[in-house]
Amino acid sequence: MSITRPSLSALAAFAVALAAASVLMTFFVAPEDVDQGLSQKIFYVHVPIALTAYACFGLGAWKALRLLLTRGERYDLESYTGIHQGTIFGALTLVTGSIWAKASWGVWWTWSSNQLVLFLVLFLFYCAYFMLRYSTESGPRRERNSAVYALFGVVLIPVSFLAVRIAGTILHPTVFTHEGANLPWQMLVCFLICLGGMLALAATLYRVELAGKRASVSLRELRELLA
Amino acid sequence: MTTSEKYVTGAYLVLLGMLLVYLLIIALKVSRLEEELADLTRAAREKLDG
């Protein structure tokens with residue numbers, strides 16, 4: 001069975017529709033949290049952004065693995081774009097997380113939460129990816145080095161994701177456990193729509209950025225041919 | 001506006017701001033690609049005309 005990839009315009013329309021539904025669900029359908037009140041609404045933007053960042057880093061690592069296995073040149077740009085998207089969503093995770101921390105805990109940042117620190121480590125690790133990538137000349141060597149680095153980083157994703165469970169702290173509560181989701185169904189539906197919207201947005205941005213990068217490479221090749 | 005409302009608005013504005021900055025960067029990139037393509041088209045025409 002073959003899977004047809006949706007066109008960019010269809011994907012963008014889907015992302016816009018889900019984003020609009022996310023905002024409506026968050027502010028008009030999902031009930032207000034008893035403990036945190038209105039500030040809990042940040043959950044619907046912060047957690048989907050964080051999960052999208054993990055997905056983008058995971059995609060970047062998957063493309064890097066494909067590059068190492070098949071030596072297909074196109075995977076280098078795809079891996080790079082995935083990691084670039086992951087870094088953008090990672091920065092957003094840190095900023096929205098800080099805002100939520102200030103609203104809930106009264107501080108912008110705390111070093112005592114393993115999940116925060118591990119996410120920061122993951123983010124900085126992937127920031128260093130760009131330094132590594134641009135410190136070497138373009139070519140197969142840079143592609144391989146970047147791919148290996150991207151693959152090393154993916155190890156940090158499950159560690160970062162599971163940190164809150166390992167730590168067992170009440171500072172960063174666990175919403176999704178083995179027994180299921182610890183939140184009412186309206187909140188869960190709202191969260192799933194927000195997550196879908198964020199993933200669709202990331203997929204759209206990924207496709208747009210990749211198209212731009214591919215066009216740039218094609219133009220460079222064309223310029224060399226015409227020179 | 002209560003403090004909670006300010007924080008929630010701030011979180012959503014950060015996302016909106018990122019999208020706008022991203023849109024600006026993409027728009028700049030597309031206009032640069034358009035210029036490069038126009039240059040290459042001109043160069044190709046000159047080469048064909050001899």
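Computed from the coordinates by the stated procedures, all read-outs in this text should not be read as laboratory data. Nothing here was measured: the structure is a model prediction, and the numbers come from that model. Positions of Cβ are backbone-derived with ideal geometry, glycine not excepted, and every protein chain shown enters the neighbour counts.
Computed over Cα pairs, the Kirkwood radius of the protein assembly as shown leads via Stokes-Einstein (0.890 mPa s, 25 °C) to a diffusion coefficient of 119 µm² per second.
Given +1 at the Cβ of Lys and Arg, -1 at the Cβ of Asp and Glu and no other charges, the dipole of chain B around its Cα centre is 140 debye to the nearest 20.
Cross-link partners of A:LYS41 among aspartates and glutamates, defined as those whose alpha carbon lies under 13 angstrom from its own and excluding same-chain residues fewer than eight positions apart: A:GLU32, A:ASP33, B:GLU5. Neighbours of A:ARG223, meaning other residues whose beta-carbon lies under 9 angstrom from its beta-carbon, give a summed charge of -3 when Lys and Arg score +1 and Asp and Glu score -1. What is the helix-to-structure angle for A:74-105, meaning the angle in degrees between its Cα long axis and the longest Cα principal axis of chain A, kept from 0 to 90 and rounded to the nearest 10? Orientation of helix A:74-105: about 20 degrees from the principal axis. Between A:ALA20 and B:LYS6, the FRET efficiency from the beta-carbon distance, with R0 = 22 Å, is close to 0.40. Summarising the label geometry, the points placed 7 Å from Cα in the beta-carbon direction at A:ARG141 and B:LYS47 lie 2.9 nm from one another. Hydrodynamic radius of the stretch A:105-165 by the Kirkwood approach over all distinct alpha-carbon pairs: 13.1 Å. The label-point distance for A:LEU8 and A:LEU219, in a model that sets each label 7 Å from Cα toward Cβ, rounds to 1.3 nm.
Using alpha-carbon pairs under 8 Å, 6+ residues apart, how would you state the relative contact order of chain A in percent? Taking the mean separation of contacting Cα pairs over the length of chain A, I get 34 percent.
Ignoring the sites themselves, chain A has its longest run without GluC sites (Glu not before Pro) in a DSSP loop having at most 16 other Cβ atoms within 10 Å at A:74-136.
In a DSSP loop and with at most 16 other Cβ atoms within 10 Å, the trypsin sites (Lys or Arg not before Pro) in the stretch A:62-133 are A:ARG71. Could you state the angle between the C-alpha long axis of helix B:3-49 and the longest principal axis of the C-alpha atoms of chain B, as a value from 0 to 90 degrees rounded to the nearest 10? For B:3-49 against chain B, the angle is about 0 degrees.
The magnitude of the dipole of chain A, with charges of +1 and -1 set on the Cβ of Lys/Arg and Asp/Glu and taken from the Cα centre, is near 680 debye. The local environment of A:LEU38, defined by Cβ-Cβ distances under 11 Å, has a net charge of -1 under the rule Lys, Arg +1 and Asp, Glu -1. Computed extension gain for A:ASN182 through A:ASP35, at 0.36 nm per residue and net of the alpha carbon distance, reaches 51.5 nm.
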